[in-house]
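The values are calculated or read from the model by the stated rules, or taken from the named source; none is laboratory data. Source: prediction; values computed, not measured. Positions of Cβ are backbone-derived with ideal geometry, glycine not excepted, and every protein chain shown enters the neighbour counts. For accessibility, only protein heavy atoms count, side chains too; no ligands or nucleic acids. Shrake-Rupley method; radii C 1.70, N 1.55, O 1.52, S 1.80 Å.
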Amino acid sequence: GFDCVLGNPPWEKIKIQEKEFFAARSIEISKASTASKRKELIESLSEIEPKLFDEFKLAKSQSESESKFLRTSMRYSLTVRGDINTYAVFSELGRELINEMGYLGIIVPTGLGTDDTNKYFFFSIINSQSLVSFWGLDNEQMIYFPTIHHSYKFSLLTLGGREIKIQAPNFSYSCSKLESIRIPNRVFSLTNEEINMLNPNTLTLATFRTQFDAELTKKTYRLTGILINEKLGLNEWGCGMFTMFHMSNDSQLFVNEYQPEYYPLLEAKMFWQYDHRYSTYEDATQANINEGSLPKPTEIQKTNQCFETTPKYWVPVNEVQKRIKSWNKNWLIAFRGITSSVVERTIISTVLPVCGIGNSAPFITISESLLPYAPFIIANLNSIIFDYFARQ
């Protein structure tokens, strides 16, 4: 093996992205309203534009072959989960290339430590005590990667060889410049035990901004424990968390206009804390939809208890009932599943009437005996102190 491996591997998904592929080839396909509609348009190319159809089929075949090769090669057992990204595969390869006392230093998206698909790789390097440091930087000032979006986060990963054991690796996050890691309070350390305590289910990293945040969070977790511990089988509230409809995979079930025996399909951006009528597709422009910022109902509309917001899609009642199974209440507790650590609120939860819900908003069930305490769950989810810990 090598004494030292340095690199900036490519950051690309192996899976072909249909929207991206057709962005410069067919605007109609790229901007299709649903995934199922896009597939129909692609299939129609075989008759109307066979050359473009063949080009797409070839690109798709190549990506599928690359994915199959990586999954079956037995060389990348920890990083070929879900949609494979090349930076994760290169990280596992780099780790194998160094010798017992060697070091690996590479530039990777921060998702290597925080994304669910990479958790087995990151758990492995934590468990083997080979992680030396993980310096997280943002791209807000466009210093290091001027051609990449300003919100993209990346990290400098340093790993040691098999004979190098690091008890408490160093971390930093959201630094705009590399010089920030020399500021004492911007750097914190976590032991193997602490990482497992903070995220026992996902085995991913918490992204603390300061050492103070890290110490306060660790102290709180030691005092309170967590809601669901899958590893130990602890779930005192009998909680379940589910997603109902996948906006792409289930799009064949959706209709664009209201029909009898159909429920509205709500999305995360359509509700806020204690407010299931936060925004509406009524009078929404294409610019609103692209930005994910829909028009807000007026105060006068909200004083009318019969007022309902307009969704983009409706779904069959029986399909909703199938997905909520034994939950026989006429309401659901839901929260926004997509968030950021730099927005106004990280956790946004509300009560929804029974309806269809897109995968951007998971819903929560609790055991029958604890239903009277459901309001406390929502109150906790929306509290400022809970929000502080969630955004860590």
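Under 20 Å from the Cα of Lys325, which lysines turn up, not counting those fewer than eight places away in the same chain?
Result set, ordered by chain and number: empty.
How much net charge surrounds Gly82 when only the other residues with a Cβ under 12 Å from the Cβ of Gly82 are counted, with Lys and Arg +1 and Asp and Glu -1?
+2
Just how many % of Cα pairs in region 293-391 lie over 23 Å apart, if you round to the nearest whole percent? Walk me through the numbers before you get to the answer.
Details: 1859 of 4851 pairs.
In whole percent, the long-distance tail amounts to 38.
Quickly work out the Leu370-to-Glu193 label distance, labels modelled 7 Å from Cα along the C-beta direction, and quote it in nm with one decimal.
So the label points at Glu193 and Leu370 sit 2.7 nm apart.
Given R₀ = 45 Å, FRET efficiency for Tyr388-Glu319 by Cβ-Cβ distance, to 0.05?
My answer for the efficiency is 0.75.
Grab every C-alpha pair in the chain, bin the distances at 10 angstrom width from 0 up to the longest one, and report whole percents.
Per 10 Å bin, starting at zero, the Cα-Cα P(r) for the chain comes out as 4, 18, 26, 27, 19, 6, 1, 0 percent.
Hey, can you grab everything whose amide H is under 5 Å from the amide H of Tyr313? Only 5+ residues off in sequence or another chain; H modelled, so Pro and N-termini drop out.
Answer set, sorted by chain and number: Leu265.
With a 1.4 Å probe and every protein chain left in place, work out the accessible area per residue of the chain in Å², rounded to a whole number.
Per-residue value: 55 Å².
For the chain, set up a Gaussian network in which alpha carbons nearer than 10 Å are linked by springs, and say which option among Thr309, Thr34, Thr72 fluctuates the most.
The residue with the greatest mean-square fluctuation here is Thr72.
Report the one residue of Tyr87, Pro50, Ser65 whose Cα lies farthest in the direction of the positive end of the charge dipole of region 30-93 (charges on C-beta: Lys and Arg +1, Asp and Glu -1; origin at the Cα centre).
Tyr87
Using the Cβ atoms and a cut-off under 15 Å, what net charge is assigned to the surroundings of Gly161, where Lys and Arg are +1 and Asp and Glu are -1?
-2
So what is the calculated 222 nm ellipticity per residue for the chain, using -39500 (n - 2.57) for each DSSP H run with n of 4 or more, over all residues, to the nearest 500 deg cm²/dmol?
Here the helix-only value at 222 nm equals -9000 deg cm²/dmol.
Pop out the ³J(HN,Hα) list for region 292-309 in order, Karplus 6.51 cos²θ - 1.76 cosθ + 1.60 with θ = phi - 60°, rounded to Hz; leave Gly and Pro as x.
For region 292-309, the Karplus-derived couplings read x, 10, 8, x, 9, x, 7, 4, 5, 4, 6, 6, 8, 5, 8, 5, 10, 6 Hz, x marking Gly and Pro.
Just to compare against my own numbers: the Cα pair-distance distribution for region 54-123, 10 Å bins, whole % per bin, please.
19, 44, 28, 7, 1
What is the Cα centroid distance between region 76-99 and region 100-158, reported in whole angstrom?
Between the Cα centres of region 76-99 and region 100-158 lies a distance of 13 Å.
Quick one: net charge of Gly113's neighbours, Cβ under 11 Å, K/R +1, D/E -1?
Numbers: positive: Lys119, Lys153; negative: Asp115.
Neighbourhood net charge equals +1.
Return the sequence-ordered ³J(HN,Hα) values of region 236-251 in whole Hz as given by the Karplus equation 6.51 cos²θ - 1.76 cosθ + 1.60 applied to θ = phi - 60°, using x for Gly and Pro.
With the stated coefficients, region 236-251 comes to 5, 8, x, 7, x, 10, 9, 10, 9, 10, 7, 5, 9, 5, 9, 5 Hz.
In units of 2.2 N^0.38 Å, what is the alpha-carbon radius of gyration of region 224-321?
Numbers: Rg = 17.1 Å, N = 98, 2.2 N^0.38 = 12.6 Å.
For region 224-321, the normalised Cα radius of gyration comes out at 1.36.
Name the residues whose placed amide hydrogens come within less than 5 Å of the amide hydrogen of Leu205, ignoring near sequence neighbours (fewer than 5 apart) on the same chain.
Thr114
Ordering Glu193, Glu28 from largest to smallest accessible area (1.4 angstrom probe), what's the sequence?
These residues rank, largest area first, as Glu28, Glu193.
Round to a whole angstrom and tell me the spacing of the C-alpha centers of region 165-206 and region 3-54.
Value for the Cα centre distance between the two parts: 37 Å.
Lys218 accessible area, nearest 10 Å², 1.4 Å probe?
10 Å²
Principal axis lengths of region 1-84 from Cα atoms, whole Å, largest first?
Principal-axis extents of region 1-84 (Cα, largest first): 55, 24, 23 Å.
Please compute one quarter of the surface area of the Cα convex hull for region 192-245 and express it in square nanometres.
Seen from a random direction, the Cα hull of region 192-245 projects 5.0 nm² on average.
Got a number for carbon plus sulfur as a percent of the chain's accessible area, 1.4 Å probe?
Answer for the chain: carbon and sulfur cover 54 percent of the accessible area.
Lysines within cross-link reach of Lys51: Cα-Cα under 29 Å, excluding same-chain residues under 8 positions apart?
Lys13, Lys15, Lys19, Lys31, Lys37, Lys39, Lys60, Lys68
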